[in-house]
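All remarks here apply to the structure that follows.
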Amino acid sequence: MSASSVQGIKTVLHPVSDLEKAKAVYSALLGVAPQADSAYYVGYDVAGQHIGLLPGGGPQGLTSPVAYWHVDDIEAKLSDVTAAGATVKDPPNEVGGGRVVVASFIDPDGNILGLIQDKAVSE
(Lines give C-alpha, C1' and ligand atoms only; values in the text may rest on other atoms or scores of the structure.)
Protein backbone atom coordinates (compact mmCIF):
# COMPACT_ATOMS: atom_id res chain seq x y z
CA MET A 1 0.00 0.00 0.00
CA SER A 2 1.17 3.51 -0.72
CA ALA A 3 1.27 6.40 1.69
CA SER A 4 -1.34 8.29 -0.38
CA SER A 5 -3.86 9.62 2.12
CA VAL A 6 -7.63 9.58 1.77
CA GLN A 7 -9.50 12.68 2.92
CA GLY A 8 -12.93 11.01 2.86
CA ILE A 9 -15.97 11.21 0.64
CA LYS A 10 -16.52 14.89 -0.06
CA THR A 11 -18.27 14.72 -3.44
CA VAL A 12 -21.32 12.78 -4.61
CA LEU A 13 -22.55 13.10 -8.19
CA HIS A 14 -26.16 12.26 -9.05
CA PRO A 15 -27.42 11.55 -12.58
CA VAL A 16 -30.75 13.30 -13.18
CA SER A 17 -33.29 13.10 -16.00
CA ASP A 18 -34.86 16.55 -15.47
CA LEU A 19 -32.35 19.12 -14.22
CA GLU A 20 -34.91 21.77 -13.26
CA LYS A 21 -37.04 19.33 -11.23
CA ALA A 22 -33.96 17.86 -9.57
CA LYS A 23 -32.59 21.32 -8.79
CA ALA A 24 -35.86 22.22 -7.00
CA VAL A 25 -35.74 19.04 -4.90
CA TYR A 26 -32.05 19.30 -3.98
CA SER A 27 -32.34 23.03 -3.20
CA ALA A 28 -35.23 22.22 -0.85
CA LEU A 29 -33.33 19.32 0.73
CA LEU A 30 -30.09 21.23 1.22
CA GLY A 31 -31.69 24.58 2.09
CA VAL A 32 -29.44 26.56 -0.28
CA ALA A 33 -29.27 27.66 -3.89
CA PRO A 34 -26.67 25.96 -6.08
CA GLN A 35 -23.20 27.51 -6.25
CA ALA A 36 -22.74 26.26 -9.83
CA ASP A 37 -25.73 26.33 -12.14
CA SER A 38 -25.47 25.50 -15.84
CA ALA A 39 -27.29 23.38 -18.39
CA TYR A 40 -24.73 20.56 -17.98
CA TYR A 41 -24.01 20.69 -14.23
CA VAL A 42 -25.55 21.99 -11.01
CA GLY A 43 -23.41 21.91 -7.87
CA TYR A 44 -24.03 22.57 -4.20
CA ASP A 45 -21.51 23.00 -1.39
CA VAL A 46 -23.02 22.24 2.01
CA ALA A 47 -21.33 21.30 5.31
CA GLY A 48 -18.06 20.29 3.65
CA GLN A 49 -19.81 18.20 1.01
CA HIS A 50 -20.14 18.86 -2.71
CA ILE A 51 -23.35 17.54 -4.29
CA GLY A 52 -23.48 17.58 -8.09
CA LEU A 53 -26.39 17.00 -10.47
CA LEU A 54 -25.52 15.67 -13.95
CA PRO A 55 -28.24 15.70 -16.61
CA GLY A 56 -28.36 12.36 -18.38
CA GLY A 57 -25.49 11.12 -16.21
CA GLY A 58 -23.06 13.62 -17.72
CA PRO A 59 -20.06 12.67 -19.84
CA GLN A 60 -19.34 9.82 -17.42
CA GLY A 61 -22.69 8.20 -18.31
CA LEU A 62 -23.58 7.69 -14.65
CA THR A 63 -26.68 5.59 -14.04
CA SER A 64 -26.63 5.88 -10.24
CA PRO A 65 -25.02 8.23 -7.71
CA VAL A 66 -21.24 7.93 -7.39
CA ALA A 67 -19.30 8.82 -4.26
CA TYR A 68 -15.92 10.44 -4.87
CA TRP A 69 -13.14 9.90 -2.36
CA HIS A 70 -10.75 12.85 -2.14
CA VAL A 71 -7.09 11.81 -2.21
CA ASP A 72 -3.78 13.63 -2.33
CA ASP A 73 -2.24 11.40 -5.05
CA ILE A 74 -4.76 10.04 -7.54
CA GLU A 75 -2.21 8.00 -9.53
CA ALA A 76 -0.92 6.27 -6.40
CA LYS A 77 -4.42 5.52 -5.13
CA LEU A 78 -5.49 4.10 -8.50
CA SER A 79 -2.40 1.91 -8.40
CA ASP A 80 -3.34 0.72 -4.90
CA VAL A 81 -6.93 -0.18 -5.77
CA THR A 82 -6.08 -1.85 -9.08
CA ALA A 83 -3.37 -3.92 -7.37
CA ALA A 84 -6.08 -4.99 -4.90
CA GLY A 85 -8.44 -6.12 -7.67
CA ALA A 86 -10.33 -3.04 -8.92
CA THR A 87 -10.44 -2.05 -12.59
CA VAL A 88 -10.11 1.49 -13.91
CA LYS A 89 -13.32 2.83 -15.47
CA ASP A 90 -12.22 6.41 -16.24
CA PRO A 91 -8.49 7.26 -16.04
CA PRO A 92 -7.40 10.52 -14.39
CA ASN A 93 -8.71 13.54 -16.23
CA GLU A 94 -8.50 17.26 -15.46
CA VAL A 95 -12.01 18.69 -15.26
CA GLY A 96 -11.19 22.40 -15.28
CA GLY A 97 -11.57 25.26 -12.91
CA GLY A 98 -7.94 24.82 -11.90
CA ARG A 99 -9.18 22.54 -9.19
CA VAL A 100 -9.42 18.83 -9.74
CA VAL A 101 -8.34 15.69 -11.44
CA VAL A 102 -10.95 12.93 -11.37
CA ALA A 103 -10.93 9.19 -12.06
CA SER A 104 -13.21 6.27 -11.34
CA PHE A 105 -12.82 2.56 -10.84
CA ILE A 106 -15.01 -0.51 -10.47
CA ASP A 107 -14.73 -2.72 -7.40
CA PRO A 108 -14.98 -6.53 -7.66
CA ASP A 109 -18.79 -6.34 -7.17
CA GLY A 110 -19.34 -3.87 -10.01
CA ASN A 111 -19.74 -0.75 -7.86
CA ILE A 112 -18.38 2.45 -9.35
CA LEU A 113 -16.24 4.54 -7.01
CA GLY A 114 -14.65 7.87 -7.80
CA LEU A 115 -11.41 9.59 -6.86
CA ILE A 116 -10.71 13.31 -6.83
CA GLN A 117 -7.38 15.03 -6.37
CA ASP A 118 -7.69 18.73 -5.60
CA LYS A 119 -4.65 20.19 -7.33
CA ALA A 120 -4.86 23.42 -5.34
CA VAL A 121 -4.33 21.43 -2.13
CA SER A 122 -1.81 18.90 -3.40
CA GLU A 123 0.56 21.15 -5.32
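The values are calculated or read from the model by the stated rules, or taken from the named source; none is laboratory data. The structure displayed is predicted, hence computed values, not measured ones. Because the Cβ atoms are built from the backbone with ideal geometry, glycine has one as well, and the counts that use them run over all protein chains shown. Side chains are part of the model used for accessible areas, which takes the heavy atoms of the whole protein and leaves out ligands, DNA and RNA. Shrake-Rupley method; radii C 1.70, N 1.55, O 1.52, S 1.80 Å.
Table for the structure above
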quantity: Nonlocal amide H pairs with S4, under 5 Å, H built at 1.01 Å; calculated: none
quantity: T63, T82, T87, ranked by accessible area, largest first (probe 1.4 Å); calculated: T63, T87, T82
quantity: Furthest towards positive pole of dipole, G43, V6, V71, structure part the chain, Cβ charges; calculated: G43
quantity: Shape call, region 39-123: gyration tensor on alpha carbons, a/c limit 1.5; calculated: oblate
quantity: In degrees, nearest ten, helix 74-83 long axis to first principal axis of the chain (Cα); calculated: 60
quantity: By accessible area with a 1.4 Å probe, ligands and nucleic acids excluded, highest first: order of D90, D37, D118; calculated: D37, D90, D118
quantity: Label-point gap, in nm, between Q7 and A36 - each point 7 angstrom along Cα→Cβ; calculated: 1.5
quantity: Degrees separating the helix 19-30 axis from the principal Cα axis of the chain, which is the longest one; calculated: 80
quantity: Neighbour cut-off at most 16 other Cβ (10 Å), DSSP loop, trypsin sites (Lys or Arg not before Pro), region 39-117; calculated: R99
quantity: Extension gain from T63 to K119, taking 0.36 nm per residue of separation minus the Cα-Cα distance; calculated: 17.4 nm
quantity: L30 accessible area, 1.4 Å probe, all protein chains in place, Å² to nearest 10; calculated: 40
quantity: Computed label-point distance, nm, for sites A28 and A47 using a 7 Å Cα→Cβ extension; calculated: 1.9
